[in-house]
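One structure is given below, encoded as structure tokens.
The values are calculated or read from the model by the stated rules, or taken from the named source; none is laboratory data. Please read these numbers as outputs of a predicted model, since none were measured by experiment. As a convention, Cβ positions derive from the backbone with ideal geometry for all residues, glycine included, and neighbour counts pool all protein chains shown. Note: areas computed on protein heavy atoms with side chains; ligands, DNA, RNA excluded. Shrake-Rupley method; radii C 1.70, N 1.55, O 1.52, S 1.80 Å.
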Amino acid sequence: MIDWDKPDSWYCPVPELRAVPEIFETLGKKIYGAEWTGRERELCKPPVLPKPAEVYATVETPLYKTSVKLGRTSAIPPTAPGSPPLVEDQVADFVAYNRNAAYAAELVGAPDPRDVPVTFAQWCAAFDKAEHERLLWDQAARRRKIVFTFMHRRAAAGDLVFCAFHPDTGRRETLAADVWACQFDTVRARFLRGAFSFRYPTAVPPTDPDSLVLFNRSFDLKIYATNSCIAEILRRTTFEETSTSVQDVVGRTADALLQVANAATAPAATATVAAAAHDGPLVDASVQAPAKPVTTADIQSIVERCVADRLGVEPTRKAIKEVFPLSRIPRTRVRALHAETWTAAYGDAPTSGANSRAAI
């Protein structure tokens, strides 16, 4: 499998092949244009930074000291005698502070918290920035899912053709479109790993950590697509932003089906209009009468002519096909009629040559 954060793992010795992250980036820029930020490749969501009121002592949440005396624990408010004065930068939850101080300082560009403590004001700024980063990640994740869905549909339709190198022979083999006719969670697992698993071809990632390790190791065939294939998809596809509400999605689907149905019936409507321009009754030229079944009497004359020319069964069948191209006459029926006509004409059964190709 590949690492999205390490482009070196995308390497393919064939210049015309592109790995999944490269395909993803190209299609994403085509679909979203300037809205594409590049954060769509970030698979890990930024961590949550605790709220400042959960870390520091404020007027609403005063600091409480813990006093242990005679095996009993009691809370002493900061206003009690001997308690330190309440200040803005007083830490109330040292566990949360120690776990997140480095991340908070990194967000606001503050010094190392081991040297200079993070102040309440700096933590507030860091919290706002952390929430903004998580919001941007959520938006990028939605764009990533849409691009993955587009890639899934194009692969299942046979437009986006992936290939892999056989682990034993090294020969490049094309993955059939049928392997992409599966649920989205299965395909997303392939895209995120940039590879295909023959051991678990239709499985979804397990939740158990140990099973997930084995699942990841099974993706040992990296998948690629050619430059020409990607360019053809970009050339033929038009992207536009549409509403994702249920009503709009159902409406677009119905309109597309009606458009296909109208296109299929367009020749019939054209024929009716053309007939109306002439004298006589309106007749739809696209509607033809059902074909009449071919009987023995219909082909008798053809068989007699072929027998007179001393032709065998196969040339006789071809002659019948030329006159009745839509007929489905069994070979046994032609053979029996040919033998009967041959015997009546020559007094003996046809020879092997006559029965197959031609009689001499």
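Relative protection proxy for 92-101, 162-171, from highest mean packing down: 92-101, 162-171 (other beta-carbon atoms within 10 angstrom). Here is the link list: Lys29/Lys145; Lys45/Lys129; Lys6/Lys222; Lys145/Lys222; Lys51/Lys129. Which ones come out longer than 18 Å on Cα distance? Pairs exceeding the cut-off: Lys145/Lys222.
Once all protein chains are placed together, Phe127 keeps about 40 Å² accessible to a 1.4 angstrom probe.
Given R₀ = 51 Å, what would the calculated FRET efficiency be for His166 paired with Val323, taking r from the Cβ atoms and rounding to 0.05? Result of the calculation: an efficiency of 0.50. Once all protein chains are placed together, Asp220 keeps about 100 Å² accessible to a 1.4 angstrom probe.
Of the peptides 29-36, 251-258, the ranking by mean beta-carbon count within 10 Å, highest at the top, reads 29-36, 251-258. Each of Asp3 and Ala92 was given a label point 7 Å from its Cα along the Cα-to-Cβ line. The distance between the two points is 4.1 nm. The simple spin-label model puts a point 7 Å past each Cα toward its Cβ; for Arg252 and Asp178 those points are separated by 3.1 nm.
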